[in-house]
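Structure provided below as structure tokens; questions to follow.
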Ligand SMILES: [Zn+2]
């Protein structure tokens, strides 16, 4: 099955051979082919270029993209899409003046989601999560990372990870799984943090590894949650099973989580709303991708990741949604890209790089996703007829998507 897309006004993020990521000044460069075509065989991009170089117009399916822009589908490297129910009441509580930390201290927050998930059947959890997967695919996401961490017991964490595995099997979107057993301290371990970490490390982690349920390991390294010492202990245990760190750090406080991540060769350190100069310096010359989650900052009204300062210091940056019931009930990468431009002063080129190739790197998919390159997955967004790619972040709240192709098929 071949698909040929012709008369593309601007074909974005093209490359001749897969690059790892883009950093610093390179992030302002978005390689474009004007008046372009792209040829797909089954799920793979096999050719692209200028229309004038297209020798014949033969394919099983031809899509005329006159006036439209084509770009790689979004790579959302940080989500918690598998969850039960929602937390709309906490949303209202916050409007009425309670802080995120006060809600958590009152037994709400992550523990509230965990309680509900523990009593939700695997089938029901799958059903609720599949709705969100279908939703993000329509919004142009072609690859997504999903974390556990709303289970907080052996059974419930494994249930989440099995649901993630099943979603990956049943949908064309590429899904990467992360074990986040150390997301919060369950109520019964309130005064015994080390005992809970023992459960995570000695009881849950070996089964996660044995059943091949996750590729990455995560922890919420934050004041009031898990310390840097706890983080190092967990990452060390994870490394014994070959799990790569991908961790929550510097959301409310900078306590050294960035350095711990780098020490254990994290593929990414995520959140980073609070960044000290020493955190930025530590990331230089590392292979760890910093990931910003602007929808979370928007929803919680907390500071945004200082993207300008980080990119100007030469760092790469990826953008992700953090789709979760508590702090970001949205999986819309188009909104993330707009918000990065509007609130973090990233240029459209930087934001698109951050949401495609750098997002792919942040979940180990840079060889197959995140750009238009021969041999990569045919995961594409075809926009509505718009004047230029600047219009994508400019028209915030309007997704401007005409069609999404994942693995070569129209969604
Ligand atoms: Zn998160």
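Bear in mind these aren't lab numbers, they're just calculated from the coordinates by the rules spelled out. Here the structure is a predicted model, which is why all the values come from computation and not from measurement.
Over the Cα atoms of region 85-213, Rg to Rh with Kirkwood Rh, two decimal places?
Checking Rg against Rh, the ratio lands at 0.99.
Return the calculated 222 nm mean residue ellipticity for the chain, to the nearest 500 deg cm²/dmol, obtained by summing -39500 (n - 2.57) across DSSP H runs with n ≥ 4 and dividing by the residue count. Don't skip to the end; give the middle numbers.
On the way: 16 runs with 139 residues, N = 411.
About -9500 deg cm²/dmol.
Hull surface divided by four, with the convex hull built on the Cα atoms of the chain: how many nm²? Mind showing how you got there, number by number?
On the way: hull surface 73.7 nm².
With the hull built on Cα positions only, its mean projection is 18.4 nm².
What share of the DSSP beta bridges in region 257-411 is antiparallel, in percent to the nearest 5?
Values: 7 of 12 bridges.
For region 257-411, the DSSP antiparallel bridge percentage is about 60.
Label region 135-189 by shape, choosing from rounded, prolate and oblate, from the square roots a ≥ b ≥ c of the eigenvalues of the Cα gyration tensor; if a/c is under 1.5 it is rounded, and otherwise prolate applies when a/b is larger than b/c, oblate when it is not. Walk me through the numbers on the way to the answer.
Values: a/c = 3.29, a/b = 2.22, b/c = 1.48.
Cα axes put region 135-189 in the prolate bin.
DSSP beta bridges in the chain, what fraction antiparallel, as a percent rounded to 5? The partial results should precede the final answer.
On the way: 27 of 59 bridges.
Beta bridges within the chain, antiparallel portion: roughly 45 percent.
Okay, moving on. Relative contact order of region 177-332: what whole-number percent is it, with Cα pairs under 8 angstrom and at least 6 residues apart? Present the calculation step by step, with values, prior to reporting the outcome.
Numbers: 280 pairs, mean separation 24.3, N = 156.
Normalised by residue count, the contact order of region 177-332 is 16 percent.
When only C-alpha pairs under 8 Å and at least 6 residues apart count, what is the relative contact order of region 1-151, in percent? If you can, show how the numbers build up before the last one.
Working: 216 pairs, mean separation 41.5, N = 151.
It comes to 27 percent, rounded to a whole number.
If you split all Cα-Cα distances of region 239-307 into 5 Å bins from zero, what percentages do you get per bin, shortest first?
Percent of Cα pairs in each bin: 4, 19, 30, 23, 13, 8, 3, 1.
Further question: Bin all alpha-carbon pair distances of region 161-250 at 5 Å intervals from 0 and give each bin's fraction as a whole percent.
Going out from 0 Å in 5 Å bins, region 161-250 shows 3, 14, 25, 23, 17, 11, 5, 2, 0 percent.
Mind checking the full-extension length gain between residue 278 and residue 95? Use 0.36 nm per residue of separation minus the Cα-Cα distance, one decimal, nm. Could you put the intermediate results ahead of the total?
On the way: separation 183, 0.36 × 183 = 65.88 nm, distance 3.47 nm.
Contour length minus Cα-Cα distance gives 62.4 nm.
Let me ask something additional. Which length gain, in nm to one decimal place, applies between residue 309 and residue 62 when the Cα-Cα distance is subtracted from 0.36 nm times their residue separation? Let's see the in-between values first.
Numbers: separation 247, 0.36 × 247 = 88.92 nm, distance 4.41 nm.
Extending this stretch completely gives an extra 84.5 nm.
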